[in-house]
Amino acid sequence: MTTASTDPTSSPVPARSSVAGPSWCEPGLVARAGRYPLAVEAPVMAAVDMLVPGVSTVTPYARYYGLYWALSAHAEALGLDRERCQRLIRRAEVGMARISQAYDTPDHPAGISHGVNALARLAPAEGSEFAVADSTGAGSYSPRSWGFWSQYNGPSVAMGTVALDGGALRAGRHRCPAEVLAMYAPLFAVAEKGAGLILPASAFERLSLQYKEETPDLAPLRDVFTATVDGRHDPAAWTAEDRTRRATLRLLARSWQLHPQAKTWLDALADGVVFGSKAREDPVFATEDRAAAWRGVVLRHQSVGAWRRLWADLVRVVLDTDRASRHHLHEWISDVLPDSTVTNFESGLPPTIDAQGDPYPAERAITSERASAATNVAVLLLGACRLKTLSGISLRSFAGRRPTYLDPTWIAQLRKDFRNRPLAELGRRLVDDMLAQSRRVALRKVTVKSDGTINLFSRLHERNGAYFADSPEGRDNIGLRIPQLAEIATQIRLFTHDRTQPLTARGRELLELPA
């Protein structure tokens, strides 16, 4: 830029201006990838939050529930403040990773501890592992200031094993048993005052995820997860969240009993409470209202997956095209959909109910690992049809609390409007709806920092009628926490991976299930 004197008495000579700059400034708009670009996941996530309290998609290990349970009791006994809790957590987590590195194998079904890969990459000197816990930035085992506690924080509080006081860990409503605290005491002692672990050591070996013997934390964790005391469940002694978690665990366990050949834990649950007559015939399912809730959630999950895959395909087209226009996206969807009317297309789809009026796995029958755009549109149409075949709790959990953009009710109206029109026209409308919803969601998430910088959370952007994308969208569906709950149940020895004996005797007893 140019500069000149503002003093009216100054001499006009010399007349030549001086140049200061130009200089670069911070960008005013920062684009970041958004996690849920169409916001179709919220109803399912909210329902799962209620049906699986205390477990999340990033809390796969029962051992860590025990770790933080013991740590909360230790912190309360010593009156540790927030900063000391943070230091102890980080060091204990590095200790768990070092133990797993020494005693666990990567290909074991029980997995390896959080942070093992980071520890292998950083390669701290043996006996000085806590240096990577005390470090920040590239030298730290975790980019988060609270390490993996950030993942288990909310679930542990929901379980009642931990409470928080100004960020410091304290005992929750379920007091940590003395034997669990004693199990972790050697780790806490060295984490507070040492530089690292000296291995091998039997006191540390039993903290590994793949330790074969029964450890002192398993029985108390079984009690908390199954809401039992001395092998008995007294509903009045537990909170609504505890009872709901137990109910979901019972439904999953019974489904695993009845369908041990299912490919996944979620398939087993779907075969038990969603599809077919088992939900009304089996005494465990028929007497549990949450079975009906899970039916609606799992079916809505199918529609969510279809939207996510369809959107990922659209973004991929934009990435592969130079200056993709709306017209270009319309051409893409028209080319990949069959040349038929909506009604004729639907006539070739499987029914949503069977001969007995129970839900039929229509979406599963047509969905492959790499579902096409036509398949995803079909799944959305099947979801709209289910609005007429579900009722009661199942319908409420499927439809959600209120109508939202792109929900099954939205598709049902489009299905009605386009029933005698070409399927390609419906496809073009879906493209327009996705683009509009993506923009709404991105604008809703905009944040303005104190320096005036604007953060825009979206991979897809539009400028002067042309669309461009920063990176691909993932095609995977969101998680329902069922795999995590099932693996935790296996780790605390309620379930087994043996398909001939899917539950342990202890699991059947605590969950009150038939043999």
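The values are calculated or read from the model by the stated rules, or taken from the named source; none is laboratory data. In this text the structure is predicted, and so the values were computed from the model without any measurement. Here the Cβ positions follow ideal geometry from the backbone for every residue, glycine too, while neighbour counts run over all protein chains shown.
Considering (1) assigned to a loop (DSSP other than H, G, I, E, B); (2) buried (at least 17 other Cβ atoms within 10 Å of the Cβ), the lone condition that Ala424 does not fulfil carries the number (1). In the stretch 206-248, of all residues being small (Gly, Ala, Ser) and either outside any helix (DSSP H, G or I) or crowded, with 18+ Cβ neighbours inside 10 Å (or both), the one that is modelled with the lowest pLDDT corresponds to Gly231.
Leu71 passes every criterion in (1) crowded, with 19+ Cβ neighbours inside 10 Å; (2) in a loop (DSSP other than H, G, I, E, B) apart from (2).
Name the residue, out of Arg87, Arg91, that is at pLDDT 95 or above, in contact with a helix residue (DSSP H, G or I) (Cβ under 7 Å, 6 or more places away or on another chain) and either among the basic types (Lys, Arg) or part of a loop (DSSP other than H, G, I, E, B) (or both).
On the way: Arg87 fails: in contact with a helix residue (DSSP H, G or I) (Cβ under 7 Å, 6 or more places away or on another chain).
That would be Arg91, the only listed residue that is at pLDDT 95 or above, in contact with a helix residue (DSSP H, G or I) (Cβ under 7 Å, 6 or more places away or on another chain) and either among the basic types (Lys, Arg) or part of a loop (DSSP other than H, G, I, E, B) (or both).
Report the residue count in the stretch 249-264 for those that are surrounded by fewer than 18 Cβ atoms within 10 Å (Cβ to Cβ) and touching a residue at least 60 places away in the same chain (Cβ under 8 Å). Residues that pass the stated criteria total 3. Screening Ala133, Ala182 for residues that are out of contact with any Asp or Glu (no Cβ under 8 Å at 6 or more places or on another chain), in the same structural domain as Glu83 (by TED's automatic domain parsing) and not in a loop (DSSP other than H, G, I, E, B) leaves exactly one candidate, Ala182.
Could you check, for the stretch 376-393, whether at least one of its residues is under 18 Å from His301 (Cα atoms), among the β-branched types (Val, Ile, Thr) and not in a helix (DSSP H, G or I)? Looking for residues that are under 18 Å from His301 (Cα atoms), among the β-branched types (Val, Ile, Thr) and not in a helix (DSSP H, G or I), one finds at least one in the stretch 376-393, hence yes. A single member of Asp335, Asp339 is out of contact with any Asp or Glu (no Cβ under 9 Å at 6 or more places or on another chain) and assigned to a loop (DSSP other than H, G, I, E, B), and it is Asp339. Restricting to the stretch 495-511, what's the tally of residues that are surrounded by 15 or more Cβ atoms within 10 Å (Cβ to Cβ), assigned to a loop (DSSP other than H, G, I, E, B) and touching a residue at least 60 places away in the same chain (Cβ under 8 Å)? Going through the stretch 495-511 one residue at a time, the tally reaches 2. Only one of the numbered conditions (1) buried (at least 17 other Cβ atoms within 10 Å of the Cβ); (2) of a type in the set (D, E, K, R); (3) within 23 Å of the chain's Cα centre (by Cα) is not met by Glu369, and that is (1).
Among residues of the stretch 185-208 that are within 17 Å of Leu67 (Cβ to Cβ), those with a Cβ under 6 angstrom from a residue that is in a loop (DSSP other than H, G, I, E, B), sequence gap 6+ or separate chain, pair up as Arg206/Thr215; Ser208/Asp104. How many of the residues in the stretch 434-448 are surrounded by 17 or more Cβ atoms within 10 Å (Cβ to Cβ) and either in a loop (DSSP other than H, G, I, E, B) or not assigned by TED's automatic domain parsing to the domain that holds Trp410 (or both)? Counting residues in the stretch 434-448 that are surrounded by 17 or more Cβ atoms within 10 Å (Cβ to Cβ) and either in a loop (DSSP other than H, G, I, E, B) or not assigned by TED's automatic domain parsing to the domain that holds Trp410 (or both) gives 1. Six or more apart or on different chains, Cβ under 6 Å: which pairs go from a residue in the stretch 38-51 that's buried (at least 22 other Cβ atoms within 10 Å of the Cβ) to one that's among the aromatic types (Phe, Trp, Tyr)? Could you list them? From the stretch 38-51, the pairs are Val40/Trp307. Taking the conditions (1) surrounded by fewer than 21 Cβ atoms within 10 Å (Cβ to Cβ); (2) free of Cβ contacts under 8 Å to residues at least 60 places away in the same chain; (3) closer than 22 Å to Ala486 by Cα in turn, Val273 satisfies each one other than (1). Taking the criterion of being outside any loop (DSSP other than H, G, I, E, B), assigned by TED's automatic domain parsing to the domain that holds Leu314 and crowded, with 19+ Cβ neighbours inside 10 Å, would at least one residue in the stretch 354-361 satisfy it? Checked the stretch 354-361: at least one residue is outside any loop (DSSP other than H, G, I, E, B), assigned by TED's automatic domain parsing to the domain that holds Leu314 and crowded, with 19+ Cβ neighbours inside 10 Å. Within the stretch 74-93, work out how many residues are closer than 22 Å to Glu205 by Cβ and either surrounded by fewer than 18 Cβ atoms within 10 Å (Cβ to Cβ) or touching a residue at least 60 places away in the same chain (Cβ under 8 Å) (or both). Going through the stretch 74-93 one residue at a time, the tally reaches 5.
Yes or no: Leu169 out of contact with any His (no Cβ under 6 Å at 6 or more places or on another chain), touching a residue at least 40 places away in the same chain (Cβ under 8 Å) and assigned to a helix (DSSP H, G or I)? I'd like the intermediate steps shown before the answer.
Values: out of contact with any His (no Cβ under 6 Å at 6 or more places or on another chain): yes; touching a residue at least 40 places away in the same chain (Cβ under 8 Å): yes; assigned to a helix (DSSP H, G or I): no.
Against the criterion (out of contact with any His (no Cβ under 6 Å at 6 or more places or on another chain), touching a residue at least 40 places away in the same chain (Cβ under 8 Å) and assigned to a helix (DSSP H, G or I)), Leu169 does not qualify.
Condition check: among the β-branched types (Val, Ile, Thr) and under 22 Å from His327 (Cα atoms). Does Val448 satisfy that? Against the criterion (among the β-branched types (Val, Ile, Thr) and under 22 Å from His327 (Cα atoms)), Val448 does not qualify. When only residues in the stretch 74-113 that are of a type in the set (Val, Ile, Thr) and under 25 Å from the mean Cα position of the chain (by Cα) count, which is farthest from Phe188 (Cα to Cα)? Filtering the stretch 74-113 for residues that are of a type in the set (Val, Ile, Thr) and under 25 Å from the mean Cα position of the chain (by Cα), the one farthest from Phe188 (Cα to Cα) comes out as Ile112.
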